[in-house]
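Starting off with a structure, shown below.
The values are calculated or read from the model by the stated rules, or taken from the named source; none is laboratory data. Bear in mind that the values here come from a model prediction, so they are computed numbers and not experimental data. A quick note on method: Cβ atoms are made from the backbone with ideal geometry, for glycine too, and the neighbour counts reach across all protein chains shown.
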Amino acid sequence: MKVLSSSDRSRRSVSAVMTSLTALCTFAAVGILFVILAYIAMRGVAALNLRFLIDTPRPVGEGGGIGNAIVGSGLLLLLSCVVGIPIGIACGVYLSEFGGGWLVSGVRFLIDTLTGIPSIVTGVFVYAVIVLRMNHFSAFAGGIALALIMIPIVARTTEEMIKLVPQSLREGALALGAPQWRMTLGVVLPAAASGIATGAMLAIARVSGETAPLLFTAFGSRFYPRNLNEPIASLTVQIYNYAISPYDEWHAQAWAATLVLMALILSINVIVRFLTRQKFS
Amino acid sequence: MTPSASFAAPKFEVNAQASPGPTATKIEVDQLNFYYGKTQALKDISIKVPERQVMAFIGPSGCGKTTFLRTLNRMNDVIAATRVEGTVTIDGEDIYAPGADVVDLRRKVGMVFQKSNPFPKSIFDNVAYGLRINRVTSSRSELDARVEEALKDAALWTEVKDRLKSSALGLSGGQQQRLCIARALAIRPEVILMDEPASALDPIATSKIEELIVDLKKQYTIVIVTHNMQQAARVSDLTAFFLLGKLIEVNSTEKMFTAPNERLTEDYITGRFG
């Protein structure tokens, strides 16, 4: 074996230092995540029990739970998906398949801008446009606010995923006499389906943690929802309300609700992982 | 459709003068120019493709043979900033006329691509795709029968009949290409365009495709682009030689490979360039 020159040796030591630096940063980032998770679990598990998961909020000292908030969050997510995912996918399809020229670059720029809008601005906007018109807070308004946040995310991932569908598949369909819309629906979208589903799940995970846009729209409620045209509870707003209260019992409940929310988001992310893994298998 | 109608009477008035044999002209191209943006890819191409024959396009890479093939079913329409001048008539109809229906054209003129491109669906659904979108069949049993027939015509039936419901992506490369041929045959086109259909296949799969082409000629007019001159010699009746966007020579394959009229053709065939 050849003798190492001094430049070889210094190159190797620089490489070793850089490798350990990046490893250190990675451990720091991942470590912080674990610390957060562990802390929430530690603080949250105390107030967590079955009753807490199904009961509605009660006055201080009487226990109570977050059942209505879990159902409310679920309904809000469902509403936002029903509105946001079809519009987002349609928008992504348009961007990648149909439009051309300045219009598409304009729309793409607007969508990117929309992604960057702080969620509280979306909340205030929906408050002004829907809540004030209807004269009351409602689950509908909350769902629409969340949908507005989802649309740009879903649109952009859909566009990117559709771009990955090989041109040869499109030509294959066109060569069989398929009109463009049939080609898009029958061949391109199914080929991109798992990627689009991943984008949709990420958008759901993103909005399930939103609080600000719900404060002025869904508002919150102490009861199980009876219809979607009235204020509705959600985990995030419940956490916010309990966390800013002066009572230790509510603080403990806020931690427990946080744990539930984290578990929810984590499971969505695990599902996303599962979907993306299937795509490459 | 009744392809036999064109056999009945010589209704192709103008075409008749230069027709070499007894067969009718299926495709007639007159002074075709094609541009990608400002670059001219095809220069003044005029050619006649007779019915129920195999015509091979040969020539070095980038000579325009694939581009030309794709003008015959307007596949180049998909590419932005392309432009066509001149006329292409199939059965006497100008396919670039303002009112011409691209969808109808592509039903009549099927295409098989260089890289096999099965849809990520089942084998059955791949073959049934064209039948379904064109609403060709009226019942499930009819659909089944047409799919079976197409797979048999493409010499694939015995290999896949027990797994029609499994994914087309699980087939081998040669099988995938024959599946794409079956898919094109299912809607019973009159012309089949093949863009180097065997270039990505091993010799055994290639010979299967070649046998298939010879067999299909009984029913279809076939235009095939190939890099492989032996292949052109084996499967085609007529050969056209392209160079730098120009059509240099069209001749019977036999004559083309033994005594071509043009010096350039001879140079290419004998391997002096390309």
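I need the full set of residues from segment A:240-258 which are among the aliphatic types (A, V, I, L, M) and either surrounded by fewer than 21 Cβ atoms within 10 Å (Cβ to Cβ) or not assigned by TED's automatic domain parsing to the domain that holds A:N68 (or both), in order please.
A:A243, A:I244, A:A252
Residue-wise test of (1) over 23 Å from B:E196 (Cβ atoms); (2) at pLDDT below 95; (3) of a type in the set (S, T, Y).
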position: B:D44; (1), (2), (3): yes, yes, no
position: B:R52; (1), (2), (3): no, yes, no
position: B:G64; (1), (2), (3): no, yes, no
position: B:N76; (1), (2), (3): no, yes, no
position: B:T87; (1), (2), (3): yes, yes, yes
position: B:D91; (1), (2), (3): yes, yes, no
position: B:Y96; (1), (2), (3): yes, yes, yes
position: B:G99; (1), (2), (3): yes, yes, no
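Output the residues belonging to segment A:160-217 that are more than 22 Å from B:A186 (Cα to Cα) and in contact with a Lys or Arg (Cβ under 7 Å, 6 or more places away or on another chain).
A:S194, A:G195
Report the residue count in segment A:168-181 for those that are farther than 12 Å from A:E97 by Cα and part of a helix (DSSP H, G or I).
7
Same structure, new question: Select, from A:V187, A:V207, the only residue that is within 22 Å of A:F125 (Cα to Cα) and assigned by TED's automatic domain parsing to the domain that holds A:I85.
Testing whether each residue is within 22 Å of A:F125 (Cα to Cα) and assigned by TED's automatic domain parsing to the domain that holds A:I85 leaves just A:V207.
Considering every residue within segment A:126-140, establish whether at least one is closer than 25 Å to B:R132 by Cα and surrounded by fewer than 21 Cβ atoms within 10 Å (Cβ to Cβ).
no
Further question: Hey, among the residues in segment B:123-146 that are outside any helix (DSSP H, G or I) and touching a residue at least 12 places away in the same chain (Cβ under 8 Å), which one's farthest from the other protein chains (Cβ to nearest Cβ)?
Of everything passing the filter in segment B:123-146, B:V136 is farthest from the other protein chains (Cβ to nearest Cβ).
Can you pull out the residues in segment B:223-234 that are crowded, with 24+ Cβ neighbours inside 10 Å and either modelled with pLDDT under 90 or of a type outside the set (S, T, N, Q) (or both)? Steps first, answer last, please.
Our first condition is that a residue be crowded, with 24+ Cβ neighbours inside 10 Å; within segment B:223-234, this holds for B:223-226, B:232.
Answer for segment B:223-234, where residues must be crowded, with 24+ Cβ neighbours inside 10 Å and either modelled with pLDDT under 90 or of a type outside the set (S, T, N, Q) (or both): B:V223, B:I224, B:V225, B:A232.
Just the residues that are closer than 23 Å to B:Q219 by Cβ, more than 7 Å from chain A (Cβ to nearest Cβ) and assigned to a helix (DSSP H, G or I), please, taken from segment B:72-122.
B:D104, B:L105, B:K108
Follow-up question, since we're still on this one. Does A:L75 satisfy the condition of being within 16 Å of A:L259 (Cα to Cα) and not small (G, A, S)?
Criteria not met by A:L75.
Would you check if there is a residue in segment B:177-191 being polar (S, T, N, Q) and surrounded by fewer than 21 Cβ atoms within 10 Å (Cβ to Cβ)?
Going through segment B:177-191, the residues polar (S, T, N, Q) turn out to be B:177.
Okay, now just the ones that are also surrounded by fewer than 21 Cβ atoms within 10 Å (Cβ to Cβ), so none.
No, every residue in segment B:177-191 fails to be polar (S, T, N, Q) and surrounded by fewer than 21 Cβ atoms within 10 Å (Cβ to Cβ).
Also: With part of a helix (DSSP H, G or I), at pLDDT 95 or above and under 24 Å from the mean Cα position of the chain (by Cα) as the only criterion, which of A:I87, A:I36, A:I40 stands out?
Numbers: A:I36 fails: at pLDDT 95 or above; A:I40 fails: at pLDDT 95 or above.
It is A:I87.
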